[in-house]
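Peer 1: Provided herewith is a single structure, encoded as structure tokens, for subsequent inquiry.
The values are calculated or read from the model by the stated rules, or taken from the named source; none is laboratory data. These numbers were taken from a predicted model, which means no experiment stands behind them. A quick note on method: Cβ atoms are made from the backbone with ideal geometry, for glycine too, and the neighbour counts reach across all protein chains shown. Accessible surface areas use protein heavy atoms only, side chains included; no ligands, DNA or RNA. Shrake-Rupley method; radii C 1.70, N 1.55, O 1.52, S 1.80 Å.
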Amino acid sequence: MFDRAFAETGSENSTNFSSLGYHFYTYIGGYIRFGKNVIYKSSILVKYVDKGTFSFDFNSAVMLKNLIWVGVSFKSATNSVVITTELKLNSKYRLGYSYDSYLGDVRAYNIGSHEIKISYEVDLYKRRNSFPLSF
């Protein structure tokens, strides 16, 4: 997958668009079921911009009893680690929490960030999977 990015430049009376470059993304992932109650999900996202920026995200999570996700991610672009969890409240609602922590020099200036997520699932079509893999 690739995508062309543009930046707007110019004065008050004129607008020009200059090309910033191509963005290339590659994503691969999958899951392994361990019995009826445990699912392990892992994925890697590789990003490259033709101006020389290369980064990747590694994600790993475990779902227990089709009720709770617990996972960890590493983001090379920001040199950070993300710890996340999500609880399935019922068939439509989910509640999630994640904490991002920076590694390296930025850590002296930023101790991390917290995120709370509330999700509502809209099922417009008949469900095709026996269990959800999103988190």
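Peer 1: Over the heavy atoms of Lys117, what accessible area does a 1.4 Å probe trace out, to the nearest 10 Å²?
Peer 2: 60 Å²
Peer 1: Net charge near Gly29, counting Lys/Arg +1 and Asp/Glu -1 over other residues with Cβ under 13 Å of its Cβ? Intermediate results must be reported in sequence, preceding the final value.
Peer 2: On the way: positive: Lys41; negative: Asp57.
Net of charged neighbours comes to 0.
Peer 1: So what does Asp50 come to for accessible area, using a 1.4 Å probe and Å² rounded to 10?
Peer 2: 70 Å²
Peer 1: Ok, one more. Quick one: with all protein chains in place, what share of the accessible area of the stretch 67-115 is carbon or sulfur, to the nearest percent (1.4 Å probe)? Could you put the intermediate results ahead of the total?
Peer 2: Working: 1960 of 3140 Å².
Reported share for carbon and sulfur atoms: 62 percent.
Peer 1: Please compute the net charge surrounding Val81, taking Lys and Arg as +1 and Asp and Glu as -1 over other residues with Cβ under 9 Å from its Cβ.
Peer 2: For residues surrounding Val81, the net value is 0.
Peer 1: Between Phe58 and Ala108, what is 0.36 nm times their sequence separation minus the Cα-Cα distance? Round to one decimal in nm. Spell out each step's value before the answer.
Peer 2: Numbers: separation 50, 0.36 × 50 = 18.00 nm, distance 2.38 nm.
So the chain would gain 15.6 nm between Phe58 and Ala108.
Peer 1: Next up: Sort out for me the Cα centre separation of the stretch 28-50 from the stretch 57-122, rounded to whole Å.
Peer 2: First find each Cα centre; the distance between them is then 15 Å.
Peer 1: Here is a follow-up. For the stretch 55-107, just say rounded, prolate or oblate: build the C-alpha gyration tensor, square-root its eigenvalues into a ≥ b ≥ c, call rounded for a/c under 1.5, and beyond that prolate if a/b exceeds b/c, oblate if not.
Peer 2: prolate
Peer 1: How charged is the neighbourhood of Glu121? Take every other residue with its Cβ under 9 Å from the Cβ of Glu121, and add Lys/Arg as +1 and Asp/Glu as -1. Display every interim value, and only then the final one.
Peer 2: Details: positive: Lys92, Arg94; negative: Asp123.
Net of charged neighbours comes to +1.
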